[in-house]
Amino acid sequence: MLVIFENTNINSKGNKKFTLSVTQLADDSYSVTQRTYNVFRDGREILQYEKNTAFGSFAELLMGDFTRSRQGKLFVEQFAKK
């Protein structure tokens, strides 16, 4: 397993944290993990939402639902050129 893209974003209020991780698996398929956390003033984070999606090829990965999110667009911008 090789993480090929990872991004963390915290909203302007500082009370939400969003992570996106794209991993290349041993069989050349891909796994995308999206997570949303609630962040509290004392620094605690509670996982609010998690979604894991598998893709069989890089072409499928570039057309996945996650590419419509802000972090997904960053991924596409970085990897569509390669």
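Can you tell me the 0 to 90 degree angle between the C-alpha axis of helix 70-79 and the longest principal axis of the chain, rounded to 10? Around 30 degrees separate the two axes. By the rule of a C-alpha distance below 18 Å, with chain neighbours fewer than 8 residues away ignored, the aspartates and glutamates paired with LYS17 are GLU6, ASP42, GLU45, GLU50. Using the Karplus relation 6.51 cos²θ - 1.76 cosθ + 1.60 with θ = phi - 60°, the per-residue 3J(HN,Hα) values for the stretch 33-39 come to 10, 10, 9, 10, 10, 8, 10 Hz, with x marking Gly and Pro. Comparing GLY64, GLY56, GLY43 in a Gaussian network model of the chain where C-alpha atoms under 10 Å apart are linked, the largest mean-square fluctuation is found at GLY43.
Note on ILE10: accessible area is roughly 90 Å² with a 1.4 Å probe, heavy atoms of protein only. When LYS73, LYS17 are compared by accessible surface with a 1.4 Å probe, the order from highest to lowest is LYS73, LYS17. Spin-label model, GLU45 to LYS16: label points 7 Å out along the Cα-to-beta-carbon direction sit 1.6 nm apart.
Note on GLU60 and ASN9: with the Förster distance fixed at 30 Å, the Cβ-Cβ geometry gives a FRET efficiency of about 0.80.
Diffusion coefficient (Stokes-Einstein, Kirkwood radius over C-alpha pairs, 20 °C, 1.002 mPa s) for the stretch 1-68: 165 µm²/s, rounded to a whole number. Remark: accessible surface ordering of LYS16, LYS51 (largest first) is LYS51, LYS16, probe radius 1.4 Å. Once the C-beta distance of ALA80 and ASN38 is scaled by a Förster radius of 30 Å, the resulting FRET efficiency is 0.40 to the nearest 0.05. Here LEU62 sits with roughly 50 square angstrom of accessible surface, probe radius 1.4 Å.
The values are calculated or read from the model by the stated rules, or taken from the named source; none is laboratory data. For clarity, every value in this text was computed on a predicted model and none was experimentally measured. Backbone-built Cβ (ideal geometry, glycine too); neighbour counts: all protein chains shown. SASA here: full protein model, heavy atoms, side chains in, ligands and nucleic acids out. Shrake-Rupley method; radii C 1.70, N 1.55, O 1.52, S 1.80 Å.
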